[in-house]
Amino acid sequence: MPDAPPPVIRVTSLRKSFGPNAVVQDLSFNLAAGETLVLLGPSGCGKTTLLKMLNRLIEPDGGTVEINGRDVRQQPAETLRRGMGYVIQQVGLLPHYTVAENIAVVPKLLGHSPATIAARTTALLTRLHLPPARYAAQYPHQLSGGQQQRVGLARALAADPPIILLDEPFGALDPLTRASIRREFRELEELRRKTVVLVTHDVTEAFELADRIMLLNAGQIQQLGTPRELLFRPANDFVQSFFAAERLALQLRTLTLGDVFPGSEVNNFTPPAQKPNSTAQNPQPIASSTASAVHIFSEPVNNSDGGVNNQAGGQPISIASKQGLDSKPAVGRKIGADFTASTTVQDALEVLTRPGAPASLFSVSQLMAAFGEALQREEDAWKR
């Protein structure tokens, strides 16, 4: 096997105290290229201090930070920071600069040509749903909070840095705007090539955006892992209690249709609304599988006489390729008219309960029954 590429960020035995208070205590971790790491934890746990030590806004008392194998103290701090995007909660736009001028600050410092800067600014504003013809010449005070945050993100991306640091970037926004910006952030193609470190106190935000979460308390790592690992395999009582209040909501956002309808289970699944062993109903499975495919079925349509019209219902509506019965359907494969194996249960519920939702998809009751069974499988696996 080829060796794994070296980490983009390597932190070793990092320490920081303010007076007698140890804020960061002997932290070590690696971050791969293209990975999004969310720093999560209660107020005062060291999240922002750790983030600011990555770009030397705060100098550590001990330990090292390496970017692409080079100690960050081996280069001037301003040079280091120009190679990283940085977004803060207060946005920090220059009030006397237009939107376009704010976005151009770092590219100008790096000596990019005016034509390159203009093209980059136009492209970023367009991707972030701020039409350049309308917004490029406006000043920050003319923008809403959500628009200012989009401009702040565009400025961080303007020089196309490989690393983006974000400190509570959505914290000052109202809940609706925050959810909208998060969705745009998650889907922004520009960020899929970046290594991202994001600080938040919002658990839902962490689970939506992270590849891995570092849960901190009193300056120490309590657990570092995927959202799924922290939720279903907590390392200690603190981790378990930290997510307890939002556990169900997080489970809905973490488990996918590939989890709740696994290939080894779907053949025997009987929808809750139908009676097993009833020859009159002749229930169709939600899905059936072979070694090479998963077929997702629509629900049978009841005739007026109480029978089932299998010509109108119970027909396959899509096929998702599989490598075998015990493997999860590949990400991106279609399951039903609107879903893939990587669609979360939460997203599927939102589609199913939407006015005018397609009638051919599995029902809410079927989905929730399968969700309950998936939770039990996770619980059983954790006990083992």
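Here, each number is a calculation from the coordinates, and none is a lab measurement. The shown structure was predicted, so the numbers you read here are calculated from the model rather than taken from an experiment. A quick note on method: Cβ atoms are made from the backbone with ideal geometry, for glycine too, and the neighbour counts reach across all protein chains shown.
Once label points are set 7 Å from the Cα along Cα→Cβ at both ASN30 and ASP71, what is their separation, rounded to one decimal in nm?
In this crude spin-label approximation the distance works out to 2.0 nm.
Working out 0.36 nm times the residue gap between ALA4 and GLU379, then minus their Cα-Cα distance, what length gain in nm do you get to one decimal?
131.8 nm
For a Förster distance of 41 Å, can you work out the FRET efficiency between the beta-carbons of THR126 and THR12, rounded to the nearest 0.05?
My answer for the efficiency is 0.50.
Sorted by packing (mean other beta-carbon atoms within 10 Å per residue), highest first, where do 226-234, 56-64 land?
226-234, 56-64
Which net charge results when you count Lys and Arg as +1 and Asp and Glu as -1 among the other residues whose beta-carbon is under 10 Å from that of LEU157?
Net local charge, LEU157 excluded: +2.
Find how much the distance from ALA137 to THR116 grows on full extension, using 0.36 nm per residue of separation minus their present alpha carbon separation; answer in nm with one decimal.
Full-extension gain reported as 5.8 nm.
Give the span of region 1-98's Cα atoms along each principal axis, as three whole-Å numbers ordered largest to smallest.
Principal extents (Cα only, largest first): 54, 39, 27 Å.
Pop out the ³J(HN,Hα) list for region 184-195 in order, Karplus 6.51 cos²θ - 1.76 cosθ + 1.60 with θ = phi - 60°, rounded to Hz; leave Gly and Pro as x.
Once rounded to whole Hz, the list reads 4, 4, 5, 9, 6, 4, 4, 8, 6, 9, 9, 8.
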